[in-house]
1. Hey, could you check region 331-340 for residues that are open to solvent by 60 Å² or more (accessible area, probe 1.4 Å) and free of Cβ contacts under 8 Å to residues at least 24 places away in the same chain and say which is farthest from Glu573 (Cα to Cα)?
2. What number goes with the only condition from (1) modelled with pLDDT under 90; (2) under 19 Å from Met387 (Cβ atoms) that Gly604 does not pass?
3. Those residues that are open to solvent by less than 50 Å² (accessible area, probe 1.4 Å) and aromatic (Phe, Trp, Tyr), I need them from region 606-644; list them, please.
4. Check region 143-152 and report whether any residue there is closer than 28 Å to Asn50 by Cα and open to solvent by 20 Å² or more (accessible area, probe 1.4 Å).
5. Residues of region 163-216 being within 28 Å of Val63 (Cβ to Cβ), within 12 Å of the ligand (Cβ to nearest atom), among the small types (Gly, Ala, Ser) and in a loop (DSSP other than H, G, I, E, B), which ones?
6. Working only within region 186-242, note down all residues that are without any contact (Cβ under 8 Å) to a residue 60 or more places away in the chain and touching a Cys at 6+ places or on another chain (Cβ under 7 Å).
7. Would you call Asp449 assigned to a helix (DSSP H, G or I), surrounded by fewer than 14 Cβ atoms within 10 Å (Cβ to Cβ) and without any contact (Cβ under 8 Å) to a residue 40 or more places away in the chain?
Amino acid sequence: MNTQFTIANPQRIVHQPAGQFEETRFEKIHNVIFNNSKEASVIVAQEIANLILTKQQENKPCVLGLATGSSPIKVYEELVRMHKEEGLSFSNVITFNLDEYYPMDKENIQSYFYFMHEHLFNHIDILPENINIPDGTVPIEDIYQYCIDYEMKIKAAGGLDFQLLGIGRTGHIGFNEPGSHFNSSTRSITLDHVTRVDASPAFLGIDNVPKRAITMGIGTIRNAKRIVLLGWGINKASVIKKTIEGEITSDIPATYLQRHNNTTIVLDEEASDKLTRVKTPWVASSCVWSENLKKKAIIWLSEKLKKPILKLTDKDYNNNGMSGLLSEHGSAYHLNIEMFNNIQHTITGWPGGKPNADDTKRPERANPAKKRVIIFSPHPDDDVISMGGTFDRLVEQGHEVHIAYQTSGNIAVSDQDALKFAEVTKAFGVNDNTIDKVITALQTKKMNDKDIVEVRKLKGTIRKYESMAATRYLNLPDSNVHFLNLPFYETGTVKKDNYTKVDIDIISNLIDKIKPHQIYAAGDLADPHGTHKVCLDAIFESLRELKSNSYMKDCWVWLYRGAWHEWEPHDIEMAVPMSPDQVLKKRNAIFFHQSQKDRVMFQGDDSREFWVRAEDRNRLTAERYNNLGLANYAAIEAFKRYHF
Ligand code: F6R
């Protein structure tokens, strides 16, 4: 979506994404949608910088309420950049952070104290005495008074000029979990289970996530003169819709912001995905019917009315905000046939193209009949989880398939698993200092300790050979399996670095060597700071670099979704059906990744194992196709083409 606006002047609705839609009667909070979180963060940082400068000119302090978590990171990055490159000074800035876990030491790398210093305070010229972060070490009996004092300190500073917020999937702002009162002030609170689940990767397991926190109240936040809430990624789309379009309720504390008259919610495309104006714009107002929108609308209509596409009537279109589309096309009959054919043409059992066939209506080209293919897999297992069936077909149909595991995935192997392998090796008679070192390190490891290099190497090796077992099972020669071990991943912690030129070069060298006709990559565009997103961005960067090479003209890029989400039917440009036997074969391939079975380290809030998620997802896509009136397959893997 293109955006040609700033987020300032929020009392007036100034927002017009894509030049198509206007805010609608459904929306109760001003919001703006950007192409991505980076662009949005730069604009938010600009607003903060302008406020700081204005206050400087008036010789006044600028009082900022700050948030932690993944959402504000790029805003802080931009503020640091402005300080370093443009001389933006924070000498007149006083900050109050929203919250802190309790109990929590300042030195703990999971503390919000640590976070704020790492991402912002250590890199700017703010006076240390102007930094206020709720203290996770105050004795429990003193918390009540401590919270009153925190409130008083905000008031004494003149109140918050600007409050930056993220939003939790529970609808919390700060740590005001469901049930929080409209007028609540700074206090201690028990964290919601969902919030603790979301924090669990960083704490290496939910058992390590504190159960309590100290947080500014809803009343404290509402008193800010200006509020900007950031929402990134598909995981936030539901709660964002409820916040903007729902009734005010303590079940979703962020809805209280509907009563604040100077709030803007800043979104990326994915987080805005469920807003009526974005999801079903035809319901909200008249719209320009692009081919994509047409497809989205007709699929929506068919699913809403539970009628196959070919049975939709003029009346169905007229009654559901699609009369404009109907009048452009004359009749439901024509629209239905056109869309049915369009979706039918996405289905192919020949993901590498069908040799000697007319390919004008097929998702892939017939020629060359034997293609060179690279499947990029962010972790060693995403290939089989996300596209195991297609991978199998590509190999069976004689294409030269290469698998490139982008990261070692070492962090997701449990200490118990690693110890088991180390002890087996030792018991087998391998007397090597490294094994002893690894065993001792694992036996004496404490929470928050980083793994030593040797342990990381062992964990990476476990994943490597699990992968080889799976790729051999799918008849791929070992020489076609590439472990890229991208350096950005090797921090030894859950938090990863950004990619650098070294990562790009590794990817580019492989592409340049193989000169593929097809590239498959994990298109987890929603994930704001996860490994998949970095892996994809690195591929995109490498494609940009290589674009001018002649072989790239012949290279098509297909995106699959990772383990967590699937493409919506209107996004799908290639649908590869699977028979029941192929579903089983895919399941077996996933089973080879034993360290990721049963009790996996980064399960998220979905307790299903990866193979179950994959099967559910592929079955659901097939069911959705079937409900639209297309053939009834056991399972379908879905892809969207990326044009670079
Ligand atoms: C953080 C805070 C929380 C987060 C929210 C979203 O100081 O108060 O409300 O803003 O949990 O977290 P992320 O940004 O990590 O999705």
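The values are calculated or read from the model by the stated rules, or taken from the named source; none is laboratory data. Source: prediction; values computed, not measured. Glycine gets a Cβ as well: all are built from the backbone with ideal geometry, and neighbour counts include every protein chain shown. With ligands, DNA and RNA removed, areas are computed over all heavy atoms of the protein, side chains included. Shrake-Rupley method; radii C 1.70, N 1.55, O 1.52, S 1.80 Å.
1. Just the residues of region 331-340 that are open to solvent by 60 Å² or more (accessible area, probe 1.4 Å), to begin with: 333-334, 337-338.
Still in the running and free of Cβ contacts under 8 Å to residues at least 24 places away in the same chain: 333-334, 338.
Values: Tyr333: 23, His334: 21, Glu338: 15 Å.
This residue is Tyr333.
2. (2)
3. Phe610, Tyr625, Phe639
4. The initial filter retains those residues of region 143-152 that are closer than 28 Å to Asn50 by Cα, namely 150-152.
From what's left, open to solvent by 20 Å² or more (accessible area, probe 1.4 Å): 151-152.
Within region 143-152 (the criterion being closer than 28 Å to Asn50 by Cα and open to solvent by 20 Å² or more (accessible area, probe 1.4 Å)), the answer is yes, since at least one residue qualifies.
5. Gly166, Gly168, Gly171, Gly174, Ser180
6. Within region 186-242, Thr186, Arg187 meet the criteria.
7. Numbers: assigned to a helix (DSSP H, G or I): no; surrounded by fewer than 14 Cβ atoms within 10 Å (Cβ to Cβ): yes; without any contact (Cβ under 8 Å) to a residue 40 or more places away in the chain: yes.
Here the answer is no, as Asp449 does not meet what is asked.
For (1) more than 26 Å from the chain's Cα centre (by Cα); (2) acidic (Asp, Glu), each residue gets a yes or a no:
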| site | (1), (2) |
| --- | --- |
| Ala157 | yes, no |
| Leu160 | yes, no |
| Arg169 | no, no |
| Glu177 | no, yes |
